[in-house]
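A short write-up of the structure that comes next.
The values are calculated or read from the model by the stated rules, or taken from the named source; none is laboratory data. Predicted model, so just to flag it, every value in this text is computed and none were measured. Reconstructed Cβ throughout: ideal geometry from the backbone, glycine too, with neighbour counts over all protein chains shown. Protein only, heavy atoms only, side chains kept; ligands, DNA and RNA dropped before computing areas. Shrake-Rupley method; radii C 1.70, N 1.55, O 1.52, S 1.80 Å.
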Number of protein chains: 2
Amino acid sequence: MKTISDEQKPSLSPRGAEKREKILEGALRVFLAQGYSASMDAIAAEAGVAKQTVYSHFKDKHSLFSALIDRLLDHFLTAGMTQEILLLDAPSFIRKVAQISLSRMDDWEYVSLLRLIIGESGRFPELSELYVARMVKPGIQKLADYLRANDQLRFSDPDAVARIIHGSLINFVISQEIMHGKHAMPMPRERMINSIVDLVLFAGEASKQAS
Amino acid sequence: MKTISDEQKPSLSPRGAEKREKILEGALRVFLAQGYSASMDAIAAEAGVAKQTVYSHFKDKHSLFSALIDRLLDHFLTAGMTQEILLLDAPSFIRKVAQISLSRMDDWEYVSLLRLIIGESGRFPELSELYVARMVKPGIQKLADYLRANDQLRFSDPDAVARIIHGSLINFVISQEIMHGKHAMPMPRERMINSIVDLVLFAGEASKQAS
DNA sequence: TTGTTTTCATACTAACCAGTCTAGCACTTG
DNA sequence: CAAGTGCTAGACTGGTTAGTATGAAAACAA
């Protein structure tokens, strides 16, 4: 998987890498809080680093931004979703997937990243495409593969069902956390999880009998 | 329902209202295309109006932006979703709801508005709350009421099921159009609609028998 | 016509920002 | 110690922006 960022690497020394890390951490806080319109001065200040140092590690603002998103996608990719949950039976599997997805609601970084990628998807289509290619598509693929392989369930279109499950979970995060819907229309996430599990299991079994 | 915008109204004459309309139309094109960071000069130019005229109709940039979003929410609220579809039977009703929701994928203004509201939900939480209160909550409410009233289906938690349906539809729009997923992971919307209808009907009937 | 209101074009302000430059400081390595 | 390398603080350039000011041209009303 190729990376997008084209930052220069002026040093392979441990000191250089350390500064680079500080810059990325500062950029993370500032970009996630203020969006792409955050100023490079603010990022340098937050990182506790001179502005020139930022520009000696990253070509320009766009490169820094891309490198950061790239890094964050990697970070959230590895978090959660081990292989062993594929061994679970259908109810446990779906519940586990839902729990992992919704647990990200508590993660300010994840919620902010999602908002940022959607908000900047007009200006930076590459980034949202990267998000889709690295996070959404593989996730849905694994889910669909499980549904296809499991003989407790039998859907005529497992790919579409995978998207329904995934979509209802992601949209729960968006509407509750990003759009601040948890005040106007609150719903405990366990209720949501239970209904998704029920819906899929009932439908999967009924669909099996009908075929 | 109270409005958010606090623009001044310097004239109640027809000429004034006409200018105000031109300004809002220009602001619509520019804000939806470039986001909130669009410049007031660009908006005035697009509206074919002097910059000063913009400021004589709207207090500042924030007021103009709020007034525009307010207006757009009203516009999309009235479009589609008549009362008579409530008379349809379950399969037709769910299909119709799904078709109406997904038909908005073709509407550049709707897609851009959704991106804008999500993207600016950090800077302008009032706007996303307004969106939730005026569009999402009533929509889900109607859907849940239908599910509750219909005796072909029987869900233990109709509100949660309504959110699942709504979420999978909205997220389909987001992932396909906003995040440009239609290239990397295309799916015909009819396939999505069919699966949602099947899922809900199978589960609704199975759930009924189980109770 | 005369007076009032609105719009127009333009210029201006004060602030902000991306990116560059300079000159000196600090650390590391030979 | 000496040379090299990365870091720092700050100033600077050229450009953009929100919002204001001005003075004249229209549009309208009496």
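Which of the listed residues, B:LEU113, B:ILE140, B:GLY26, is farthest toward the dipole's positive end in chain B, when Lys, Arg count +1 and Asp, Glu count -1 at the beta-carbon?
B:GLY26
Leaving out ligands, DNA and RNA, calculate the buried accessible area for the pair B and A with a 1.4 Å probe, summed over both sides, in Å² to the nearest 100.
Summing both chains' loss of accessible area gives about 4300 Å².
Once fully extended, how much extra length lies between B:SER39 and B:ARG148, figured as 0.36 nm per residue of separation less the alpha-carbon to alpha-carbon distance?
34.4 nm
Given R₀ = 35 Å, FRET efficiency for B:ALA50-B:ARG123 by Cβ-Cβ distance, to 0.05?
Efficiency, rounded to the nearest 0.05: 0.80.
Set the Förster radius R0 to 22 Å, insert the Cβ-Cβ distance between B:GLU18 and B:ALA133 as r into 1/(1 + (r/R0)^6), and round the FRET efficiency to 0.05.
About 0.10, to the nearest 0.05.
With springs connecting C-alpha atoms under 10 Å apart, model chain A as a Gaussian network and identify which of A:MET187, A:MET135, A:MET40 has the largest mean-square fluctuation.
Among A:MET187, A:MET135, A:MET40, the largest GNM mean-square fluctuation belongs to A:MET187.
Percent of Cα-Cα pairs more than 25 Å apart in chain A, please.
Here the tail beyond 25 Å accounts for 48 percent of pairs.
For a Förster distance of 35 Å, can you work out the FRET efficiency between the beta-carbons of A:LYS208 and B:TRP108, rounded to the nearest 0.05?
0.25
Identify, for chain B, the residue whose C-beta comes nearest the rotation axis onto chain A, and round that distance to whole Å.
Per the B/A rotation axis, the closest residue of B reads B:GLY119, 1.
If each DSSP helix of 4+ residues adds -39,500 (n - 2.57) and the sum is divided by the residues in the protein assembly as shown, what number results at 222 nm, nearest 500 deg cm²/dmol?
Helices in the protein assembly as shown give a 222 nm mean residue ellipticity of -21500 deg cm²/dmol.
Can you check how the C-alpha radius of gyration of the stretch B:104-211 compares to 2.2 N^0.38 Å, as a plain ratio?
Taking the Cα Rg and dividing by 2.2 N^0.38 Å, one obtains 1.23.
Give, to the nearest whole percent, the P(r) tail of the stretch B:19-123 beyond 22 angstrom, counting all Cα pairs.
Of the Cα pairs, 41 percent sit more than 22 Å apart.
State the answer as a single residue: which of B:LEU169, B:PHE58, B:LEU77 lies farthest towards the positive end of the charge dipole of chain B, with beta carbon charges of +1 for Lys and Arg and -1 for Asp and Glu, about the Cα centre.
Toward the positive end, the furthest listed residue is B:PHE58.
Based on alpha-carbon centroids, what's the gap between the stretch B:140-211 and the stretch A:147-199 in Å, whole number please?
So the two Cα centres are separated by 9 Å.
Nearest 20 debye, what's the magnitude of the dipole of the protein assembly as shown about its Cα centre given +1 on Lys and Arg Cβ and -1 on Asp and Glu Cβ?
That gives the protein assembly as shown a dipole magnitude of about 440 debye.
Going by the alpha-carbon gyration tensor, a ≥ b ≥ c the square roots of its eigenvalues, is the protein assembly as shown rounded (a/c under 1.5) or, if a/c is not under 1.5, prolate (a/b greater than b/c) versus oblate?
Oblate.
From the label point of B:LYS51, set 7 Å along Cα to the beta carbon, how far off in nm is each other copy's matching point, shortest first?
2.4
Work out which helices of chain B, taken as complete DSSP H runs, extend at least 20 Å along their axis over the Cα atoms and score a mean Kyte-Doolittle of -0.5 or more, then list them.
Qualifying helices: B:14-34, B:61-78, B:158-173, B:189-210.
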